[in-house]
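I have placed the structure first, in the form of structure tokens, so that the comments after it can refer back to it.
The values are calculated or read from the model by the stated rules, or taken from the named source; none is laboratory data. Remember, it's a predicted structure, so these values are computed and weren't measured experimentally. With ideal geometry, Cβ positions are generated from the backbone for all residues, glycine too; neighbour counts draw on all protein chains shown.
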Amino acid sequence: MHTVRTATGLGLAALAVLAVAGCGDSSTPVAHGSQAHGHEATLYGAEQSLGEGRSRTYITVDDAGTPQEIGIRISESALTGLPEGPDAAMTMLMLDLPSGAPETGFDHVMLDWNPNGHEPEVLFGKPHFDMHFYTTDTESDVDPAAPDFATRAATLPEPQYVPAGYGPPPGPAAENTVPFMGMHWTNAADGAIPGSFDFTEVLLFGTWDGEFTFIEPMMTREWLATKPQIREEVSQPAAYQRAGYFPTVYTVDFDEEAGEYVIALSGLTLREAS
């Protein structure tokens, strides 16, 4: 069974994610993973070690060279041999996009393994992966030691640029801005309540200094190990801050032939800045 998330309205809610079960919309593009289909082909980024396996980015293009999908492939063995235990540190991999790939609007990808989860622990304290698809290279500016950190953290994007249904976490902006990442926005329609929320996976948006800077699939290792198959529509804003190819679909799947988990942002659609 597929899981589809469709959000409506603009809310300012706490961190959230519980997908609404239902049938997929056949009119929405479906992820291809990184296999060639018909007139499509795939370019791969350099492999990096993860656990006892590997990870890499990919971009699928059509016969005209237009990007259709961007994603990460993680080998099944990568879920074993990862750092564990209360003293284990976070693993952070900077994954390059494929050499020679067309411009998509994405700058780079950061894949993190959090062996002890992170704040807020009541929601995201389980061991999990963070997968940041950055549209900028400004994360190094998100420095709490900078004198203008609080001001820039509190500068939110204008409403027309906010994906439908998404909002920032409640509370002081500086406290809710993760150093060297940004502020994480979640979908109000998904609704997470501390004490009753069972985190498995979520699709976040990130901001810094008035701009949306990343899209982030986040999922527990336990959930990914079940080899799930989900397909969720990505909420869209009324306008876009910069031109680029933005996803309309988010999928997670397992490629049995390759023995790889496939996390994809697909249905890439060219948007003009306005």
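Values as computed for the structure displayed
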{"read-out": "Those residues of the range 196-219 which are within 14 Å of Tyr240 (Cβ to Cβ) and either among the acidic types (Asp, Glu) or touching a Cys at 6+ places or on another chain (Cβ under 7 Å) (or both), in sequence order", "value": "Glu211"}
{"read-out": "Some residue of the range 87-95 being more than 15 Å from the chain's Cα centre (by Cα) and surrounded by 14 or more Cβ atoms within 10 Å (Cβ to Cβ)", "value": "yes"}
{"read-out": "Ala78 vs. criteria modelled with pLDDT of 95 or more and surrounded by fewer than 16 Cβ atoms within 10 Å (Cβ to Cβ)", "value": "no"}
{"read-out": "Strands (runs of 3 or more DSSP E) fully within the range 85-160 counting 2 or more residues that are hydrophobic (A, V, I, L, M, F, W, C) and under 25 Å from Gln236 (Cα atoms)", "value": "108-114, 128-134"}
{"read-out": "Any chance His132 is touching a helix residue (DSSP H, G or I) at 6+ places or on another chain (Cβ under 7 Å) and either among the hydroxyl-bearing types (Ser, Thr, Tyr) or in contact (Cβ under 8 Å) with a residue 24 or more places away in the chain (or both)", "value": "no"}
{"read-out": "Out of Ala173, Ala192, Ala188, sole residue that is touching a Ser or Thr at 6+ places or on another chain (Cβ under 9 Å), farther than 18 Å from Gly105 by Cα, of a type in the set (Gly, Ala, Ser) and at pLDDT below 90", "value": "Ala192"}
{"read-out": "Residue match in the range 175-192 (condition: under 25 Å from Thr57 (Cβ atoms), in contact (Cβ under 8 Å) with a residue 12 or more places away in the chain, part of a loop (DSSP other than H, G, I, E, B) and more than 13 Å from the chain's Cα centre (by Cα))", "value": "yes"}
{"read-out": "Among the candidates Thr213, Thr186, Thr207, residue that is over 15 Å from Glu119 (Cα atoms), among the polar types (S, T, N, Q), buried (at least 18 other Cβ atoms within 10 Å of the Cβ) and touching a Leu at 6+ places or on another chain (Cβ under 8 Å)", "value": "Thr207"}
{"read-out": "Yes/no for Asp141 being under 23 Å from Gly71 (Cα atoms), surrounded by fewer than 18 Cβ atoms within 10 Å (Cβ to Cβ) and touching a strand residue (DSSP E or B) at 6+ places or on another chain (Cβ under 8 Å)", "value": "no"}
{"read-out": "Criterion: in a helix (DSSP H, G or I), touching a residue at least 60 places away in the same chain (Cβ under 8 Å) and under 26 Å from Ser55 (Cα atoms) - qualifying residue of Glu222, Glu232, Glu216", "value": "Glu222"}
